[in-house]
Amino acid sequence: MKQLIKKAILNPPFVKWCSQTIYQSLLGCIKLYEFTSDSKWKFRADDIFEILYTIQQEDGGYDIGYDFNFGLLHKKGESTSPEMIGLLATVEYGRVFGFNDKVRDSCDKSINWIKKYAINCGDEGYYIPYAPYSTSNVMVYNGTSFVCGALGYYLGILNITNDSELICIYNGMVKYLDINLLNSDRYLGRFWPYYDQKRTDIKSPQKDKIDNYHQMQQVEMHSYAERVCPAFRQDKLIRDAANYVVDIFDQEGIVPYTNNPKDFGGGIHLWGFSSILSGLILANRVLKDNPKSIDRVIESVVKFIIDSGWNGKYFYPVVSIQGNKMSDVYMVRSDAWVFNNLASVLDYKTIKIDKNALVNILDRCYVMMHSVNFSGKESHASSLRTRFVGKIIKLFK
């Protein structure tokens, strides 16, 4: 009965222009343009930037485009800190194609959003709430990393050295995130707990969650910033957070979603798993002394994603550790992440892959995303219907 209800009613809601789908697609197109010099990737990037500019909220932030629960209920239309990757994508678009009026206007709005919601926490530096419209508490650390990375990249690319408030916020966020990296008893390096450890509304084991995929996305964002706007101890932060995930791979042969193998059905969610690529590649450009095992990890991750996930049109969103598909539903947001993360491999010179074949795969992946207008079903989304039915399902447990 429980499974029948799920199948009949809990069909993932449709989401138009999820911010993650848009900025990941844009970043991927920019990488492909820089690698191939093919003008079609510029035209594609131009079109996607117009969408990103359109969906930017009036307050200057970005919204993922649907309701979801992060400990509190986020409502569609409210800007959240993780979506400030939209600022980084806008700056990257400006770096490659020029800072026209729209690009500068978008950046200015985002910077004002950051200034408004960044919180000075004294000796610990600065953080920004995960969802400022819901709470002034940080709740989840990764939102601060995503804002910090975007802000540092903005400061460095535009060579902004005279805005003391922004520079203070940026350095303060690096300090806050470094303080909250913890040592592991099992793996090398350090990790961020997923949840703010000062929260009193959750207990173990939930409070002990470590999200390996988000950690690599955080590494990526800090690496973007550190390359153009170095901050005290950010290089160590990047090294420790990256080495933690590399050591998981070295010991386990795979990187699971979290530290609990039962989470998410034990599946490998390719949108997050692929983030290992962007995270390690960018970290390697910052850390000249990173171990050679990084190349082996990158090659293994690329092979796993293509061999297990690619079906000729799109990537399966979830596969098993053994490489078998666990879901064949097309999830455009998932594909956008894989698209951009695989594109990161193209100008990474020390691994052996057929890059022409990879460009062909990414072109077909883009065509599929474009065919659905970068919109589609979203398994992460919540609605009144799904929240109500979720409560009913518990009665059948």
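Overview of values
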quantity	calculated
Residue count for region 155-194, restricted to those that are more than 28 Å from T90 (Cα to Cα) and of a type in the set (F, W, Y)	2
Candidate set from region 165-222 (those that are assigned to a strand (DSSP E or B) and out of contact with any helix residue (DSSP H, G or I) (no Cβ under 8 Å at 6 or more places or on another chain)); member that is nearest to V140 (Cα to Cα)	L182
In region 205-228, residue surrounded by the fewest Cβ atoms within 10 Å (Cβ to Cβ) [restricted to those that are of a type in the set (S, T, N, Q) and at pLDDT 95 or above]	N212
Hits in region 9-46 - residues which are surrounded by fewer than 15 Cβ atoms within 10 Å (Cβ to Cβ), closer than 21 Å to D354 by Cα and not charged (D, E, K, R)	S37
All positions within region 328-352 that are in contact (Cβ under 8 Å) with a residue 60 or more places away in the chain and surrounded by fewer than 21 Cβ atoms within 10 Å (Cβ to Cβ)	V329, L346, D347, Y348
Test: V297 is under 22 Å from P12 (Cα atoms) and not aromatic (F, W, Y)	no
When residues of region 249-293 are limited to those that are of a type in the set (G, A, S) and part of a loop (DSSP other than H, G, I, E, B), the one surrounded by the most Cβ atoms within 10 Å (Cβ to Cβ)	S274
Residue ID - surrounded by the fewest Cβ atoms within 10 Å (Cβ to Cβ), chosen from residues in region 62-117 that are closer than 26 Å to S379 by Cβ and acidic (D, E)	E78
Residues being among the charged types (D, E, K, R) and over 20 Å from A283 (Cα atoms) - total across region 242-257	1
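The values are calculated or read from the model by the stated rules, or taken from the named source; none is laboratory data. These numbers come from a predicted model, not from an experiment. Quick reminder, even Gly has a Cβ in these numbers, built from the backbone with ideal geometry, and neighbours come from all protein chains shown.
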